[in-house]
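What follows is a set of notes on a single structure, which appears directly below.
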Amino acid sequence: MNFETIIGIEIHCELKTNTKMFSAGPVRFGAAPNTCTNEIDLGMPGTLPCLNMHAVELAIRACSGAHCTIDPLIKFDRKNYYYSDLPKGFQITQQFHPIGSNGYLTIDTEAGKKKIRINRIHMEEDTAKQFHTANGTMIDFNRAGTPLVEIVSEPDIRSGKEAAAYVEQLRNMLYYLGVSDCKMEEGSMRCDVNISLRPYGYDGYGTKTEIKNLNSLSNVQKAVDEEIQRQSKIYLEGGTVIQETRRFDEASKTTISMRKKEGNVDYKFFPEPNIFPIQLDEAWIKSIQENLNEVPEQRKERYMNQYGLSDYDAVTLTATKELSDFYDEVIKHTNEYKLASNWVTTEMVAYLNKEGISYEENKLQPEHLAAMIDMIIKGEISGKQAKVVFEEMMQGKDPKVVAEAKGMKQMSDPSAILALITAAIEANPQSVTDFKNGKDKAVGFLVGQVMKASKGTANPAMTNKMVQEELKKR
Amino acid sequence: MKLNDLGKNVEANVECVLSKAHASQDKLNAVVTFVDCEKQIEEVKKLDQNLPLYGVPVAVKDNISTKGIRTTASSRILDNYVPVFDAHVIAKLKAAGAVVAVKTSMDELGMGGTNLNAYTGKVNNPYDFERISGGSSGGSAALTAAGVVALALGTDTGDSIRKPAAYCGVVGFKPTYGRISRYGVIPYASSLDHVGCFTSCVKDAAVALEVLAGRDDRDMTSSYEPVGHYAEALNSDLKGKRIAVLANVMDSIKDEAILKNFDALCEKLKARGAIVEKVKMNDELLETLLPVYLIIANAEACANHSNLDGVRFGMREEGADLEEIMINSRTKGFSSAVRKRFVLGSWSLFVENQEKLFRKAQKVRRVIVDAYADVLKDYDAVLASAASTTAPKPDESNDEKMSDTYLVAENHMVLGNLSGYPSITVPCGFAEGLPIGVNLTAKAFDEQNLLNIAKAIEEETGLEGKTVEVNA
């Protein structure tokens, strides 16, 4: 590589609220067009904004997860421009006083941990959604006024891989903290990447391009790598990179120019007169921060340090919030952490994947799984029987009921097993002789007899051990 | 006409008001829309007859949203606009038993002080049809003065209630900013807009305030301050009341009749036991009132009215693409006077100008308000003539030019908007048959004190309930 790559990322993330940023209009993804709007969302004359405090709470969670300094004095500004997706003709945003500033996230790179600084996090409202058709442009105002946070990184990212790692890290954090559902493909998390190149050792910045609306992690990486190639090729051929907005074309795997940036647009930002500055109660901010969900790193640490799980298990469990949420429910009912992790990450995940069942549809009750694990430990059922019980549990059934119904109850009472062993030895005196002569298969034979007599319910490990002890006594 | 003059027969009241309004229309041109009141009357009949405004037909300025009733703000671009919701004050009026009977003419979008710039044409003064009503709430002022209604709603961004009240000889009252919710009021400038009312007497203004005031969760700037029982508590005793006469205004007025009238009033107030003292504010500071007001108001306005683009509602002019539709709709939809204000507002917000125009105006606003508060801290109210002349003729008045002669005297009531303090204009007599009004302003949320002093003035002038017959 001839150049150093400088990347900064802007993320727009829809907040998981019931209502809009400044109105009581409902927020629902996928609702019929223009059914989630009211007079405020449509920018009718005389309407006024009313701040959704739940959105502020979620923004505070995002700021906390990103280690930002929180400004307890909330102020909003107007960003003025005319466009059909902007009903009021201005967007209410936080230009001058973002709620969060000076934060960071830590990402894993091949060279180890790396801090990506976050310049600011601010709240604003989303625009309407446009659909360009052959017969004209259709506008769905359902999205208009949806609460957003915009998260702007410093230009600390140096490669496509780092860019994807940063976005993934941010997405996990926001998702775990319940800030957003972070569905990139549905547009609830949108990613714009600014890229420029410069010769190594040079302190200034090259001309940057912005790639808009990347809708998946893999596209973030692909688009960045592709854009790096494109720009370095231009420089190596003696050309100049033009400041412009580009988009990533999935079919051709290239970035395509959308529009040139000719000077900066003057949005005539000024303070929103209809919302006085709001002084947040420090105690309220503190209570939000004290009641934050764990972020993935914290969970991983807990799994490894408190439960003694391996790094691999901890990473596997925390890969999705749903999986580790389920695991956390299971271990409320059992202390067999490792066994619980195995069942959750292998058997359960395999079953859900095979049957195409989502976590929401999962009928397996965490306490049932915990109960089954305890039955295995106590030797009430065998590992083999457990797999049968598990299949039934995936239908929502109680493992105790299943084991009972199938007569699976493992015989683990030593006196009962001893009685069967005594009977088997007495019926087969030859086996004692064989054993004394060093023929180990006598043990296997007698265990088989006991299993037969118990209809397979005798605890095999116990039986094996006790048969050997009894033979030695003879 | 006073509220008490109306009986409890809703139909009869509405019938009477609508017929008088129709009869006055040729002379005053105050009405934009005559409302079909049938459904409202049915609703009122279900209510308790003891409600404060039971059966009262009200005139409403046409920038206040009325569900199902055309609301144009006297602008062409909203000529076909019918709101799907009621403004907070309309809901309050209806809950108190009132009926919206007419929507009244105004300067387009509240931008003006003459009511010459309304899409339906100028409004005439009931005392002399050749003269202006004043604006921007001219239609509401004229109908109250002509005895068509006992109560009319207006809005006041610079002096848009208090100036026409002076020209038309009625009580014009805007309470403290935040006292009455602005939800559903088509704005001019959000930080300066107030809702208020016109009545023929101070007591009716007190009754109206009690109905209209109070916190509304849809207007974040509306106040939690408890609402008083203003009419019941009305007390015109002036003993020991301290009243400051704004010398900067009175010293610059040259109209002898107005000065004489004002001095006589001051003597009467003193005779009642009030302490009346001249107070002078910094002249240079007061000369900034108009430019500061215009910069802030128009900056806010150019953003506030960006929603009027002909796309989702209002009058649309076709064009080749979206941008052309917006440009055509806005070019044809607004008068040139309004477009001029948008340009001025936009200009003062540009990055290269914002610091030296808009931000500076905001800073000066703070300095002005501090100086005004400094005056009021020693007094119950500030008193001055509401205007430097009686109602002028259209060709003598101009919203577009700044008047050096009356830079302060004609614009001092903007102090009430910059500060948000409660302010009321009370009729104070006549000069050559034309009304003279005085203006009183008090501290924030001190409405009771303000109304009490206004009541004392009304008792001295004997003009309680005064109206003029225009259908003779």
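Annotations for the structure displayed:
- Qualifying residue in segment B:137-148 (condition: among the β-branched types (Val, Ile, Thr) and within 8 Å of the chain's Cα centre (by Cα)): no
- Residue within segment A:267-277 that is out of contact with any Cys (no Cβ under 9 Å at 6 or more places or on another chain), basic (Lys, Arg) and within 27 Å of residue B:352 (Cβ to Cβ) present: no
- Given (1) more than 14 Å from chain A (Cβ to nearest Cβ); (2) surrounded by fewer than 24 Cβ atoms within 10 Å (Cβ to Cβ), number of the condition residue B:70 does not satisfy: (1)
- Search result, residues across segment A:1-22 that are of a type in the set (A, V, I, L, M, F, W, C) and at pLDDT 95 or above: A:6, A:7, A:9, A:11, A:13, A:15, A:21, A:22
- Remark: pairs (first residue in segment A:270-281, within 11 Å of chain B (Cβ to nearest Cβ); second residue in a strand (DSSP E or B) and acidic (Asp, Glu); Cβ separation under 7 Å; 6+ apart in sequence or on different chains) = A:270/A:77; A:271/A:77; A:272/A:77.
- Residue match in segment B:251-269 (condition: surrounded by fewer than 21 Cβ atoms within 10 Å (Cβ to Cβ), hydroxyl-bearing (Ser, Thr, Tyr) and either under 30 Å from residue B:126 (Cβ atoms) or more than 14 Å from chain A (Cβ to nearest Cβ) (or both)): yes
- The test for being out of contact with any Lys or Arg (no Cβ under 6 Å at 6 or more places or on another chain), away from chain B (no Cβ under 14 Å), surrounded by fewer than 22 Cβ atoms within 10 Å (Cβ to Cβ) and on the phi < 0 side of the Ramachandran plot holds for residue A:109.
- Test: residue in segment A:439-460 that is in contact (Cβ under 8 Å) with a residue 60 or more places away in the chain and within 19 Å of residue A:377 (Cα to Cα): yes
- Residue A:116 away from chain B (no Cβ under 14 Å), touching a residue at least 60 places away in the same chain (Cβ under 8 Å) and within 24 Å of the chain's Cα centre (by Cα): no
- Selection count where residues are part of a strand (DSSP E or B) and surrounded by fewer than 24 Cβ atoms within 10 Å (Cβ to Cβ), scope segment B:124-137: 4
- Qualifying residue in segment A:91-103 (condition: within 14 Å of chain B (Cβ to nearest Cβ), hydroxyl-bearing (Ser, Thr, Tyr), crowded, with 18+ Cβ neighbours inside 10 Å and more than 16 Å from residue A:153 (Cα to Cα)): yes
- Checked against the criterion of being over 20 Å from residue A:10 (Cβ atoms), of a type outside the set (Ser, Thr, Tyr), modelled with pLDDT of 95 or more and surrounded by fewer than 22 Cβ atoms within 10 Å (Cβ to Cβ), the candidates A:75, A:161, A:114 yield just one match: A:75.
- Residues that are in contact with a Lys or Arg (Cβ under 8 Å, 6 or more places away or on another chain), polar (S, T, N, Q) and within 11 Å of chain B (Cβ to nearest Cβ), drawn from segment A:48-90: A:80
- For residue A:191, the requirement of being crowded, with 17+ Cβ neighbours inside 10 Å and either touching a Phe, Trp or Tyr at 6+ places or on another chain (Cβ under 6 Å) or part of a loop (DSSP other than H, G, I, E, B) (or both) is not met.
Yes/no matrix, rows are residues, columns are (1) surrounded by 13 or more Cβ atoms within 10 Å (Cβ to Cβ); (2) among the hydroxyl-bearing types (Ser, Thr, Tyr); (3) within 27 Å of the chain's Cα centre (by Cα); (4) more than 21 Å from residue A:460 (Cβ to Cβ):
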{"residue": "A:342", "(1), (2), (3), (4)": "yes, no, yes, no"}
{"residue": "A:345", "(1), (2), (3), (4)": "yes, yes, yes, yes"}
{"residue": "A:350", "(1), (2), (3), (4)": "no, no, yes, yes"}
{"residue": "A:356", "(1), (2), (3), (4)": "no, no, yes, yes"}
{"residue": "A:365", "(1), (2), (3), (4)": "yes, no, yes, yes"}
{"residue": "A:392", "(1), (2), (3), (4)": "yes, no, no, yes"}
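- Flag for residue A:380 being part of a helix (DSSP H, G or I), of a type outside the set (A, V, I, L, M, F, W, C) and out of contact with any Pro (no Cβ under 7 Å at 6 or more places or on another chain): no
- Residue check for residue B:316: farther than 29 Å from residue B:421 by Cβ and in contact (Cβ under 8 Å) with a residue 24 or more places away in the chain: no
- Test for residue B:262: is it closer than 30 Å to residue B:409 by Cβ and in contact (Cβ under 8 Å) with a residue 12 or more places away in the chain: yes
- In segment B:211-229, residue farthest from residue A:23 (Cα to Cα) [restricted to those that are surrounded by fewer than 20 Cβ atoms within 10 Å (Cβ to Cβ) and away from every other protein chain (no Cβ under 14 Å)]: B:229
- Condition check for residue B:321: within 30 Å of residue B:457 (Cβ to Cβ), surrounded by fewer than 16 Cβ atoms within 10 Å (Cβ to Cβ) and of a type in the set (Asp, Glu): no
- Applying the set (1) surrounded by fewer than 24 Cβ atoms within 10 Å (Cβ to Cβ); (2) within 21 Å of residue B:187 (Cβ to Cβ); (3) under 21 Å from the mean Cα position of the chain (by Cα) to residue B:121 leaves exactly one unmet item: (2).
- Filter result for the condition that a residue is in contact with an Asp or Glu (Cβ under 6 Å, 6 or more places away or on another chain) and away from chain B (no Cβ under 14 Å), over A:240, A:245: A:245
- When the criteria are applied in full, residue A:257 fails the requirement of being more than 14 Å from chain B (Cβ to nearest Cβ), assigned to a strand (DSSP E or B), closer than 20 Å to residue A:154 by Cβ and of a type in the set (S, T, N, Q).
- So residue A:96, is it assigned to a strand (DSSP E or B) and either out of contact with any strand residue (DSSP E or B) (no Cβ under 9 Å at 6 or more places or on another chain) or aromatic (Phe, Trp, Tyr) (or both): no
- Remark: residue B:53 matches the filter, which requires a residue to be away from every other protein chain (no Cβ under 14 Å) and touching a helix residue (DSSP H, G or I) at 6+ places or on another chain (Cβ under 9 Å).
- The listed residue being more than 30 Å from residue A:223 (Cα to Cα), at pLDDT 95 or above and facing chain B (nearest Cβ under 10 Å), out of A:25, A:43: A:43
- Unmet criterion (only one of (1) free of Cβ contacts under 8 Å to residues at least 40 places away in the same chain; (2) away from chain B (no Cβ under 14 Å); (3) under 30 Å from residue A:93 (Cβ atoms)) for residue A:285: (1)
- Restricting attention to segment A:1-32 and to residues that are part of a strand (DSSP E or B) and of a type in the set (A, V, I, L, M), the residue that is nearest to the chain's Cα centre (by Cα) turns out to be A:11.
The values are calculated or read from the model by the stated rules, or taken from the named source; none is laboratory data. As the structure is a computational prediction, the values presented were derived from the model and not from experiment. Note: ideal-geometry Cβ built from the backbone for every residue, glycine included; neighbour counts use all protein chains shown.
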